[in-house]
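Trainee: Got a structure for you, questions after.
The values are calculated or read from the model by the stated rules, or taken from the named source; none is laboratory data. This one's a predicted model, so the numbers in the text were calculated from it and none came from an experiment. Ligands, DNA and RNA are stripped out before the accessible areas are found, and what is left, the full protein with its side chains, is counted by its heavy atoms. Shrake-Rupley method; radii C 1.70, N 1.55, O 1.52, S 1.80 Å.
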Amino acid sequence: MLITVGQLLHGPVGERTTDGAVLVQEGKIAAVGARAAVAAQAPPSVTRLDFPGATLLPGLIDGHVHLSLDAGPEPVTTLLASDETSLLEAMAKRAAQLLDSGVTTVRDLGDRAASAVQLRRSIAAGRLPGPRILAAVAPLTPPGGHCWFFGGEVEGEREIRDMVQRNAAAGADVIKVMASGGHITEGGAAMWESQFSTGLLAATVAEARQCGLPVAAHAHSTESIAAATAAGVNTIEHCLWLDGADGVDRRPDVARTMADQGISVCGTLCGHDWRTKLEKEGEAATRSFYSRLSWLDELGVSLITGTDAGIPQAAFDDYVSMLELYAWLGFPAERVIELATVGSARALGLSGATGRLLPGLDADLVVVDGDPRTDLAALRTVRLVMTRGEPRTVHGPRERA
Ligand SMILES: [Zn+2]
């Protein structure tokens, strides 16, 4: 398949080709660059899709979703009430919504009974449309702790190591550990309270390494962020730097260690939340809450784009609002695109597969109307999404050659 467009954004800031084309063969990017040069490499029988005036970029990455939650007011109640069949159907629908938003890779950071692994297999086999899925299955949490309902309750090092092994055997791509409390679990630890010691987090990391898996730590509080960093996790989720019920304590020494050790942060930003906060609390309060991302970026910590889709108000079809928060914080649009593609791919260990327009990588692509470099809203007008060479038309090509 040959796709021609007004411009290609290759992923990294500044890498751009006007009047470009991508040749896709056997699920991979076979050639990419100036239209004439790429077209010359295509076989005469090639299927051709022309999108004049449109932009083609690498498929977008959502580094933090929960496909098993419905984004409604009571996602946990809904989950507990659903059987495996209805849950899988709902998850498939949400995966398709993400795909139609241009998202070709997601990391699912918590579900029940490894349902995201089942869905991942159906998508990979071509039975269902959807993004590439990295699945964490059941997050490790103390008995009754944050998100215990996913089935990952553990107490002490032996149970931690067993649960890591069990998740790996169930097909997990990443181990998730709830280092602090959270806000969707009644009765569990508060957001600013730690759930595991540094030693137990280190045991989690050691066991995951044995299984060849990275570790993602959910951490809202400064204490849990510092502990997860000391334990050597791969990514920190949320990273609010909460110090007690009302305080915030951003520790530059911890952030520098994160930068030095390549520990990335996924900010989990829901479009609805930041716009509501801005409306209700005003610009200064909103900026001070979210400026941790600019602060981490300045200190050299790599950022992963993520929405936490599935929790209340975090919709599966509103990915672009999360990117627009970065723009509102002052990140140039091209930089935001870089974070959402090549940057997140690198942080998730997927550089060899996706995240940029490079021959040999999987053909994970999105075509949108207009130029997202001048306005990220252009990313809402998706014309075509492709995952591993499988095209899914959203709005269709304007004309065929
Ligand atoms: Zn989450």
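Trainee: Just tell me which aspartates and glutamates come within less than 15 Å, Cα to Cα, of residue 277; anything on the same chain fewer than 8 places away is out.
Mentor: Partners within reach: 324.
Trainee: Over the chain, with the other protein chains present, what is the accessible area per residue in square angstrom, probe 1.4 angstrom?
Mentor: Accessible area per residue, the chain: 38 Å².
Trainee: Tell me which residues come under 5 Å, amide H to amide H, from residue 28 once H is placed; ignore anything under 5 positions away on its chain.
Mentor: Placed amide hydrogens put 363 under 5 Å from residue 28.
Trainee: In deg cm²/dmol and to the nearest 500, what is the mean residue ellipticity at 222 nm of the chain if only DSSP H runs of at least 4 residues count, each as -39500 (n - 2.57), divided by the residue total? Don't jump to the answer; show the numbers that get you there.
Mentor: Working: 13 runs with 136 residues, N = 401.
Rounded to the nearest 500, the figure is -10000 deg cm²/dmol.
Trainee: How large is log10 of I(q)/I(0) for the range 1-124 at q = 0.14, 0.18 Å⁻¹ when the intensity is taken from the Debye formula with one equal scatterer per alpha-carbon?
Mentor: -0.73, -0.92
Trainee: Moving on. Cut-off 10 angstrom, C-alpha nodes, Gaussian network model of the chain. Which of 49, 323, 357 fluctuates the most?
Mentor: In this elastic network of the chain, the residue with the biggest mean-square fluctuation among 49, 323, 357 is 49.
Trainee: Mean shadow of the range 244-401, computed from the convex hull of its alpha carbons, in nm²?
Mentor: Hull-based average projected area comes out at 11.6 nm².
Trainee: Among the DSSP beta bridges whose two residues both lie in the chain, what percent are antiparallel, rounded to the nearest 5?
Mentor: Roughly 50 percent of the beta bridges in the chain run antiparallel, per DSSP.
Trainee: Okay, next question. Measure off, as a whole percent, the carbon and sulfur share of the 1.4 Å-probe accessible area of the range 105-194, all protein chains present.
Mentor: Ligands and nucleic acids excluded, carbon and sulfur give 48 percent.
Trainee: How large is ³J(HN,Hα) for each residue in the range 228-233, as worked out from phi by the Karplus curve 6.51 cos²θ - 1.76 cosθ + 1.60 (θ = phi - 60°), to whole Hz, x for Gly and Pro?
Mentor: 5, 5, 4, 6, x, 5
Trainee: Indicate, rounded to the nearest 5 percent, the antiparallel portion of the DSSP beta bridges found entirely in the range 1-115.
Mentor: 55 percent
Trainee: Shape call for the range 60-347 from the C-alpha gyration tensor, a ≥ b ≥ c root eigenvalues: rounded (a/c under 1.5), prolate (a/b greater than b/c) or oblate?
Mentor: Rounded is the answer for the range 60-347, as its axis ratio a/c remains below 1.5.
Trainee: Moving to a separate point now. Could you work out how far helix 84-100 tilts from the main Cα principal axis of the chain, as a 0 to 90 degree angle to the nearest 10?
Mentor: Long axis of 84-100 versus the principal axis of the chain: about 50 degrees.
Trainee: Now, a different point. For the chain, set up a Gaussian network in which alpha carbons nearer than 10 Å are linked by springs, and say which option among 297, 308, 62 fluctuates the most.
Mentor: 297
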